[in-house]
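Q: Below you will find the structure I want to go over with you.
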Amino acid sequence: MEKNKCSRAVLQEIQKSLPSTRMLFSEPLAKYTTFKIGGPADCIIFPSSVQDVATVLSLTNEQQVPLTILGNGSNVLVLDGGIRGIVLKFDKDFAGIRHEGARIVAGAGALLSDVSTYASKQGLTGFEFAIGIPGSVGGAVFMNAGAYESDMSCVVNSVTAVSPLGEIRRFSRQDIAFRYRHSVFQENHYVVCEVEIDLQKGENNHICQKMNELTLRRESKQPIELPSAGSTFKRPPGQFAGTLIDQAGLKGFKIGGAQVSGKHAGFVVNAGGATAQDVLTLIQEVQRRVQNQFGVLLQPEVRVLGEESDH
Ligand SMILES: Cc1cc2nc3c(=O)[nH]c(=O)nc-3n(C[C@H](O)[C@H](O)[C@H](O)COP(=O)(O)OP(=O)(O)OC[C@H]3O[C@@H](n4cnc5c(N)ncnc54)[C@H](O)[C@@H]3O)c2cc1C
C-alpha cells in the first residue's frame, strides 16, 4: 500500500468506531521492542476484547489500512521509518490467565514468564521451558517459540483467532500446522487472541527447581543484559547458527551500534544507539561471510516489520 493511502482522517474514522479503546498516533515503537529500535507507528491500538480485535480487522480490511500485529516485540526488528497504518498491540488488557484443571487459558498478551509462574503455582508441569522466553502467548504461538527440547506445539490445545475479515474462529492443534518456528498464522494472517494450553499435574518443588535451572542456564549463555531479539537466525538443519558465526570469526563484529554478541554469536545485540539499518547491514554481512566460508545461507528468525527511513 502506498504511504498516502492511510490518512489521519481514515484513522480518526476508525477511532470513532472504537470510542473506549486506547489509541495513540505517531507513536515511537522503540519502546515496544526488546531491541529498543524502531521508528513511529502511524497509529497504535491496544485492544481490550476479542470484539475490539474483530472490529479493527474488519475496519482495516474495509478501509484498506495496513495492519501489523505486535506482541511483546521480542522477535521483531522494526525499521527506522516505522510502520504505516495501524499497529495492533497486545498487552495487559489481554493478559488474563486462568485454569480449568490441567488446562490453562491465556490471553494473547499474557507473558510466557507469567504463564510459567502461574502454572508452577497451580502445580502444573510442561510449561517450564518458556520461563526465559520474553514473548507474549500470541507471539509464541505465531512463532512456535521453544527452548530446551520443547515448544508451543507440545502444549497448545487450541487457539481462538480473528480472521483478516473480522470473523472469530477456533483452531485445533492440528489446524495450526506447527513446525520449527512456524505456525499457520504466518500464512493465513489470523490474529491470535486466546490460547488453551494443556499441562500435567506435577510437584510444585520440582517445577520451580526446573525453572530455576533453566533460568541459570540462560543467564550464563545468553547476553540478556543487552537489548536484542533473541536468536537472530533459525537453526540450519543439523547445525547451530551461533557456532557457524563464531567459527567465521564474527564474535564481537560490529556495524554502527549493532554487534554480534561476544557472549553468544547467535545473538545480534544493540550495543548502544543501533539503528535498524545497522542491524540489517550486520545481518547481511554475517550471512555473506558464513555462506562464503561454509556454504550455508542463514535464514533470519527475527521478523522485519515496517519500512526503511527516507534519510
Ligand atoms: C533475550 C531473548 C531470548 C529469547 N529466547 C527465545 C527462545 O529461547 N526460544 C524462542 O523460540 N524464542 C526466543 N526469543 C524470541 C521471542 O521471545 C519469541 O519468538 C517470542 O515468542 C515472540 O513473542 P512476542 O510476543 O514478543 O512476539 P513479537 O516479537 O511481538 O512478534 C513476533 C511475530 O508474531 C506476530 N504476532 C505477535 N502477536 C501475535 C498475535 N497475537 N497474533 C498473530 N500474530 C502475532 C508479529 O506480527 C510478529 O510477526 C528470545 C528473544 C529474546 C529477546
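Every number here is computed from the coordinates shown, using simple stated rules; none is lab data. Here the structure is a predicted model, which means the values were calculated and not measured. Using ideal geometry, Cβ is built from the backbone for each residue, glycine included, and neighbour counts are taken over all protein chains shown.
Q: With a cut-off of at most 15 other beta carbons within 10 Å, and DSSP calling the residue loop, which GluC sites (Glu not before Pro) in the range 196-235 qualify? Please list them.
A: Qualifying residues, ordered by number: 203, 225.
Q: For 172, 183, 74, what's the fewest-to-most ordering of other Cβ within 10 Å of each Cβ?
A: Placing the least packed residue first, the sequence is 172, 74, 183.
Q: Okay, next question. Between residue 76 and residues 5 or more places away or on another chain, which pairs have amide H atoms under 5 Å apart, with H built 1.01 Å from N, and which residues are they?
A: Distant-sequence amide H within range of residue 76: 34, 303.
Q: Turning to a different aspect of this structure: What Kirkwood hydrodynamic radius, in Å, does the chain give when the mean of 1/r is taken over all pairs of distinct Cα atoms and then inverted?
A: Over the chain, the inverse of the mean reciprocal pair distance is 20.2 Å.
Q: Run the numbers on the range 37-97 and let me know its relative contact order in percent, using alpha-carbon pairs under 8 Å that are six or more apart.
A: 56
Q: Going through the range 238-300, which chymotrypsin sites (Phe, Trp or Tyr not before Pro) have at most 10 other Cβ atoms within 10 Å and a DSSP loop state?
A: Of the chymotrypsin sites (Phe, Trp or Tyr not before Pro), not one in the loops of the range 238-300 has a Cβ with at most 10 other Cβ atoms within 10 Å.
Q: Using only the Cα atoms, work out Rg/Rh for the range 1-83, with Rh taken as the Kirkwood radius, to two decimals.
A: Ratio of gyration radius to Kirkwood radius for the range 1-83: 0.95.
Q: Which loop-located chymotrypsin sites (Phe, Trp or Tyr not before Pro) does the range 160-207 contain, where loop means any DSSP state but H, G, I, E or B and the Cβ has at most 13 other Cβ atoms within 10 Å?
A: Listed in order of number, the matching sites are 180.
Q: Name the long-range amide H neighbours of residue 22: under 5 Å, sequence gap of 5 or more, or other chain; modelled H, no Pro or chain starts.
A: Result for residue 22 returns 46.
Q: Quick one: if you stick a label point 7 Å off each Cα along the C-beta vector at residue 103 and residue 157, how many nm between them?
A: So the two model labels end up 0.3 nm from each other.
Q: Pop the C-beta distance of residue 148 and residue 281 into the FRET formula with R0 = 22 Å and round what comes out to the nearest 0.05.
A: 0.10
Q: Report relative contact order for the range 69-173 in percent, whole number only (criteria: Cα-Cα under 8 Å, sequence separation at least 6).
A: Once normalised by length, the contact order is 20 percent.
Q: Can you give me the pair-distance distribution of the range 223-305, C-alpha pairs, 10 Å bins, whole percents?
A: Here the calculated profile for the range 223-305 is 20, 59, 20, 1.
Q: What are the ³J(HN,Hα) couplings of the range 42-48, residue after residue, when phi is run through the Karplus curve with 6.51, -1.76, 1.60 and θ = phi - 60°? Round to Hz, x for glycine and proline.
A: Residue by residue, the range 42-48 yields 3, 7, 10, 10, 10, x, 10 Hz.
Q: Name the lysines eligible as straight-distance cross-link partners of residue 201: C-alpha to C-alpha under 24 Å, and not fewer than 8 places from it in the same chain.
A: 121, 210
Q: Full-extension gain between residue 174 and residue 208, please, as 0.36 nm times their residue separation minus the C-alpha to C-alpha distance.
A: Extending this stretch completely gives an extra 9.2 nm.
Q: Using alpha carbon centroids, what distance separates the range 56-122 and the range 206-233, in Å?
A: Result: 22 Å between the Cα centres.
Q: Round to a whole angstrom and tell me the spacing of the C-alpha centers of the range 283-311 and the range 261-278.
A: Rounded to whole Å, the Cα centres lie 13 Å apart.
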